[in-house]
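Novice: What follows is a structure written as structure tokens; I'll ask about it next.
The values are calculated or read from the model by the stated rules, or taken from the named source; none is laboratory data. No experiment lies behind these values; they were computed from the predicted model shown. Positions of Cβ are generated from backbone atoms using ideal geometry, with glycine treated the same way; all protein chains shown enter the neighbour counts. SASA here: full protein model, heavy atoms, side chains in, ligands and nucleic acids out. Shrake-Rupley method; radii C 1.70, N 1.55, O 1.52, S 1.80 Å.
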Amino acid sequence: MYKSMEDIRNFEENVKRFFAAGEIPGFVHLYAGEEAIAVGVCAHLTDEDYITSTHRGHGHCIAKGGDLKGMMAEIFGKATGLCKGKGGSMHIADMNKGILGANGMVGGGFGLATGAAMRNKYKKTDRVAVCFFGDGAANEGVFHECLNMASIWKLPVIFVCENNLFAESTPQWYSSASRTIAERAAAYNMPGVRVNGKDVVAVYEAAGEAIERARKGEGPTLIECVTYRNHGHFEGDEQTYKAPSGEEKEWAEVDPLEVFRQYAIENGLLTEEELDQLREESVRDIEEAIEFAKKSPEPSPESLYQDVFAD
Amino acid sequence: MAREILFMKAINEALDQAMAKDENIILLGEDIAGGAEVQHLEEANEDAWGGVMGVTRGLAPKYGRERVIDTPLSEMGYMAAAVGMAVTGLRPVAELMFSDFIGFCFDSIIGQGSKMRYMFGGKAKVPMTVRTMHGAGVNAAAQHSGSYYGLFGSIPGVKVVVPATPYDAKGLLLSAIEDDNLVIFSEDKTLYGMKGEVPEEYYTIPIGKAAIKREGKDLTIVTIGKMLYVGLEVADILEKDNISVEVIDLRTVAPWDEETVLESVKKTGRLIIIDESNPHNNTATDIASVVADKAFDYLDGPIKCVCAPNTPVPFAANLEKLYIPDANKVLTVATEIIDDLRVK
């Protein structure tokens, strides 16, 4: 789990650097600071399970086992990218890993995950689907429709809200009529739990319980992971709307990687040296991914017309 | 063996035969089994409505409620779920009761299903069919009568089929279900009660191929859906005037059959397109622009589109009658472009 968190952090720091240098086109929405959620949840999943992701999808894809080279090449818009340079940062998908795509539509994942869970149930498997979404997406109509359907049909789906306190520039306290997102679960007769999204162990435990319930056919769970969006909505966002104070400031200052390092050392899971070694490995892996991406060719002009339809 | 059955029965039979053949085919939609008390249904395994028009009746008892899924009134949610089912290996056939309701679930079509294959570099497929219902003529007023197939047809990654006969309805629906893409199958609600010859066996009709329903040499009339019958009526009338009309039933709005239409126009030199949708940016205008671009030199007169007016569908019977393109409207524009033939 620690390696995966380091991978996300290093991957994103480099994406930020190359985006600033003008080497990465388009929009980039960074996840760094929220690593504990993707990693804590995906640690329970296999390639057979499905996830749907968000605008801020790099972390989910890495945590679910997405190929780092293919991901980096995709973000650079190269032919060797996971989506052959047609998707970019907002649409990274890896069907072989059960990654049904980052999504440029806020709320786009609810239906995909619900449908994937319907498939899992119909096929009588114990595979689950996890829908990652933001606090902003919890205010889309499709959230309510899908939670209702998932509950009446007891679908093996887990709705994981990453409440990073901001929907674009709008704070969660302003846009949500309920105090928490988790309490909305009551309306759909499913468990709603709220956990510290900076603490990978807390997320891991809550997700484990929910995923076990889902695998046993006991239906969906809504998990709200409270975290903080350290970066702008997109890179280049000046974040003039942010003025962290009080509780928000506390959330902003916690680094989930440091929290986990301390926990691992205190509980004798890993030594400081081992943790440093994992960090170095991660740095090397990301460097390789960058080299691969930079050396890769651009998509061919004729590929513009390819893959609109399946034959 | 062919026998005469209703248009709605042809659709029902296609769904039945498709489901018998492939267990991955799942129906979902509002009231498609339903309306009756669920406890009772589970015991008796019967359906009540079989959809608002009864098109899916009998399928829930035969295939069970796992495969004929009544959804809550949540168009946005279940249409999105159908995309999720399709991308993970099932072949859902989702019924959208009236195509006017598409507003609730356009993200599934515009944002997700139509784009996933392309966005993911060809590594996903979305084999889903959306069955829906369009068309004026039953005094259902503006929110239950619109014709939006042209709107869907302008989205890359979406195929759109509009059948006009029971025979086509069965064969085209089976093709739509077999297709590995998102196909919108739009049924004209006024055709459900029409009878026609339909073979009992499983057969498919290729998507993208128009049907020449009547051969002619002076004027081409291209029709969509039930406008076929308007085109045939006009052809009968003009025949008495010794004017020979070729009537083409487009059958598929996206992709539409350029080859058949262009060949016909090159032969006749004159073109009228009848389309019940609103007149701007619709299938008729698209056909007109392509023909003007690719067959201009063959034209002996202006291309004419006969469409619904640029209004929502009215309720009052007399207004609704005015709304739907009819033979008189087509004859009026035909007169303008066949005058030279009459002089002879």
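Novice: So what's the projected area for the protein assembly as shown, the Cα convex hull averaged over all directions, in nm²?
Specialist: 32.2 nm²
Novice: Which residue, B:Ile11, B:Ile205, B:Ile32, has the most motion in a Gaussian network model of chain B that connects Cα atoms within less than 10 Å?
Specialist: Looking only at B:Ile11, B:Ile205, B:Ile32, the largest GNM fluctuation is found for B:Ile205.
Novice: Report, for chain A, the % of DSSP beta bridges that are antiparallel, rounded to 5.
Specialist: Just about 10 percent of them are antiparallel.
Novice: Can you give the accessible area per residue of the protein assembly as shown, in Å², using a 1.4 Å probe?
Specialist: On a per-residue basis, 39 Å².
Novice: Taking the DSSP beta bridges in the protein assembly as shown as the whole, what percent of them are antiparallel, to the nearest 5?
Specialist: 20 percent
Novice: So, taking all protein chains as they sit and a 1.4 Å probe, how much accessible area belongs to B:Phe315, in Å² rounded to tens?
Specialist: My reading of the accessible area for B:Phe315 is about 140 Å².
Novice: Taking chain A as a Gaussian network, where each spring joins two C-alpha atoms under 10 Å apart, which residue of A:Asn14, A:Asn267, A:Asn164 fluctuates the most?
Specialist: A:Asn267
Novice: Enumerate by residue number the GluC sites (Glu not before Pro) in region B:174-245 meeting two conditions: DSSP loop (anything except H, G, I, E, B), and at most 14 other Cβ atoms within 10 Å of the site's Cβ.
Specialist: In loop regions of region B:174-245 (DSSP not H, G, I, E or B), the sparsely surrounded GluC sites (Glu not before Pro) are B:Glu200, B:Glu201, B:Glu215.
Novice: Could you tell me the calculated FRET efficiency between A:Ile152 and B:Met1, based on Cβ-Cβ distance and R0 = 51 angstrom, to the nearest 0.05?
Specialist: The value I calculate is 0.75.
Novice: Per the 1.4 Å probe, what fraction of the accessible area of chain A, in percent, lies on carbon and sulfur atoms?
Specialist: About 49 percent, which is the carbon plus sulfur part of the accessible surface.
Novice: Right, next: When only alpha-carbon atoms are used, what values of Rg and Dmax, in angstrom, describe region B:121-270?
Specialist: For region B:121-270, the Cα radius of gyration and maximum Cα-Cα distance read 16.2, 57 Å.
Novice: Charges on Cβ only, +1 for Lys and Arg, -1 for Asp and Glu, centred on the Cα centroid of chain B; of B:Leu173, B:Ala211, B:Gly64, which one is farthest towards the dipole's positive end?
Specialist: With unit charges placed on the Cβ atoms, the residue in question is B:Ala211.
Novice: Report P(r) for region B:4-197: all Cα-Cα distances, bin width 10 Å, range 0 to the bin holding the largest distance, values in whole percent.
Specialist: Whole-percent P(r) values from 0 Å outward: 10, 38, 39, 13, 1.
Novice: Another question about this same structure. Using Stokes-Einstein with the Kirkwood hydrodynamic radius over Cα pairs, what translational diffusion coefficient do you get for region A:238-311 at 4 °C and a viscosity of 1.567 mPa s, in µm²/s rounded to a whole number?
Specialist: It diffuses with D of about 74 µm²/s by this estimate.
Novice: Would you mind getting the Kirkwood hydrodynamic radius of chain B from its Cα pairs, rounded to one decimal in Å?
Specialist: Kirkwood radius, chain B: 20.7 Å.
Novice: Pulled fully out, how much extra length does the chain show between B:Ser289 and B:Lys266, if you take 0.36 nm times their separation in residues and subtract their Cα-Cα distance?
Specialist: Difference between extended and current length: 6.8 nm.
Novice: Starting from the Cα gyration tensor of chain A, take the square roots of the eigenvalues, sort them a ≥ b ≥ c, and report rounded, prolate or oblate (rounded when a/c is under 1.5, otherwise prolate if a/b is larger than b/c, else oblate).
Specialist: Rounded, since a/c falls under 1.5.
Novice: Turning to a different aspect of this structure: Interface size between chain A and chain B, please: total buried accessible area, 1.4 Å probe, rounded to the nearest 100 Å².
Specialist: Separately minus together, A and B give about 3300 Å² buried.
Novice: What trypsin sites (Lys or Arg not before Pro) in region B:211-285 are in a loop by DSSP, with at most 11 other Cβ atoms within 10 Å of the Cβ?
Specialist: Hits after loop and neighbour filter: B:Lys240.
Novice: Over the C-alpha atoms of region A:107-205, what are the Rg and the largest Cα-to-Cα span, Dmax, in Å?
Specialist: In order Rg, Dmax, the Cα atoms of region A:107-205 give 13.7, 42 Å.
Novice: Also, I was wondering about something else. Using a Gaussian network model on chain A with a 10 Å cutoff between Cα atoms, which of A:Gly87, A:Gly22, A:Gly217 fluctuates the most?
Specialist: In this elastic network of chain A, the residue with the biggest mean-square fluctuation among A:Gly87, A:Gly22, A:Gly217 is A:Gly22.
Novice: Residues of region A:79-120 losing 40 Å² or more of accessible surface, assembly versus chain alone, probe 1.4 Å, please list them.
Specialist: SASA drop of 40 Å² or more in region A:79-120: A:Lys86, A:His91, A:Met95, A:Leu100, A:Met105, A:Leu112, A:Met118, A:Arg119.
Novice: Per-residue Cβ counts within 10 Å, from other chains only, averaged over B:180-186: what number is that?
Specialist: Mean partner shielding for this stretch: 1.
Novice: Still on this model: For region A:85-150, state the semi-axes of the equivalent ellipsoid (square roots of 5 times the eigenvalues of the alpha-carbon gyration tensor), sorted largest first and rounded to whole angstrom.
Specialist: Those come to 20, 18, 7 Å.
Novice: Over region B:82-208, how many percent of alpha carbon pairs lie in each 10 Å bin up to the one with the longest distance?
Specialist: 13, 43, 33, 11, 1
Novice: Among bridges DSSP assigns within region B:4-197, what percent are antiparallel (round to 5)?
Specialist: Antiparallel: roughly 10 percent of the beta bridges in region B:4-197.
Novice: A:Ala21 to A:Asp126: FRET efficiency via 1/(1 + (r/R0)^6), r the Cβ-Cβ distance, R0 51 Å, to the nearest 0.05?
Specialist: 0.65
Novice: To the nearest 20 debye, what charge dipole does region B:71-226 have about its Cα centre, counting +1 at the Cβ of each Lys and Arg and -1 at the Cβ of each Asp and Glu?
Specialist: Charge dipole of region B:71-226: 300 debye, to the nearest 20.
Novice: Which whole-angstrom value gives the distance between the alpha carbon centres of region A:151-204 and region A:253-309?
Specialist: The two parts, judged by their Cα centres, are 27 Å apart.
Novice: For region B:211-343, what D do you get in µm² per second when you plug the Kirkwood radius from alpha-carbon pairs into Stokes-Einstein at 4 °C and 1.567 mPa s?
Specialist: Value of D from the Cα-based Kirkwood radius: 88 µm²/s.
Novice: Once amide H atoms are placed 1.01 Å from N in the peptide plane, what residues at a sequence separation of 5 or more from B:Leu28, or on another chain, have their amide H within under 5 Å of its amide H?
Specialist: HN-HN under 5 Å from B:Leu28: B:Ile69, B:Val93, B:Ala94, B:Glu95.
Novice: On the accessible surface of region B:211-343, probed at 1.4 Å, how many percent belong to carbon and sulfur atoms?
Specialist: It is 53 percent, rounded to a whole number.
Novice: Something else about it: At what distance in angstrom do the alpha carbon centres of region A:3-74 and region A:125-142 lie from each other?
Specialist: 18 Å
Novice: Of the listed pairs B:Lys217/B:Lys321; A:Lys3/A:Lys97; B:Lys226/B:Lys321, which have alpha-carbon separations greater than 21 Å here?
Specialist: The pairs that break the limit, which is 21 Å between Cα atoms, are B:Lys217/B:Lys321.
Novice: Sticking with this structure for a sec: Quick one: in region A:173-311, what % of C-alpha pairs are over 27 Å apart?
Specialist: Counting every Cα pair in region A:173-311, those more than 27 Å apart make up 52 percent.
Novice: A further question on this structure: Where in chain B are the DSSP H helices whose alpha-carbon span along the long axis reaches 24 Å or more and whose Kyte-Doolittle mean is at least 0.5?
Specialist: Passing helices, by number: none.
Novice: I've got another one for you. A:Glu224's amide H: which non-local residues (gap 5+, or another chain) put their own amide H closer than 5 Å, with H modeled 1.01 Å from N in plane and none for Pro or chain starts?
Specialist: Amide H neighbours of A:Glu224, under 5 Å, 5+ apart: A:Cys161, A:Val193, A:Arg194, A:Val195.
Novice: For the residue pair B:Phe315 and B:Glu336, what label-to-label distance in nm results when each label sits 7 Å from Cα along the Cα-to-beta-carbon direction?
Specialist: For the pair B:Phe315/B:Glu336, the computed spacing is 3.3 nm.
Novice: Other chains near B:70-77: what is the mean number of their Cβ atoms within 10 Å of each residue's Cβ?
Specialist: Mean shielding count: 5.
Novice: Dividing the convex hull volume of the alpha carbon atoms of region A:1-159 by its residue count, what do you get in Å³ per residue?
Specialist: 99 Å³
Novice: Also: Evaluate E = 1/(1 + (r/R0)^6) for A:Ile265 and A:Thr240, where r is the Cβ-Cβ distance and R0 equals 51 Å; express this FRET efficiency to the nearest 0.05.
Specialist: Given R0 = 51 Å and the Cβ-Cβ separation, E is 0.85.
Novice: Over the whole of A:303-309, what's the average partner chain Cβ count within 10 Å per residue? Rounded to a whole number, please.
Specialist: What the average comes to for A:303-309 is 6.
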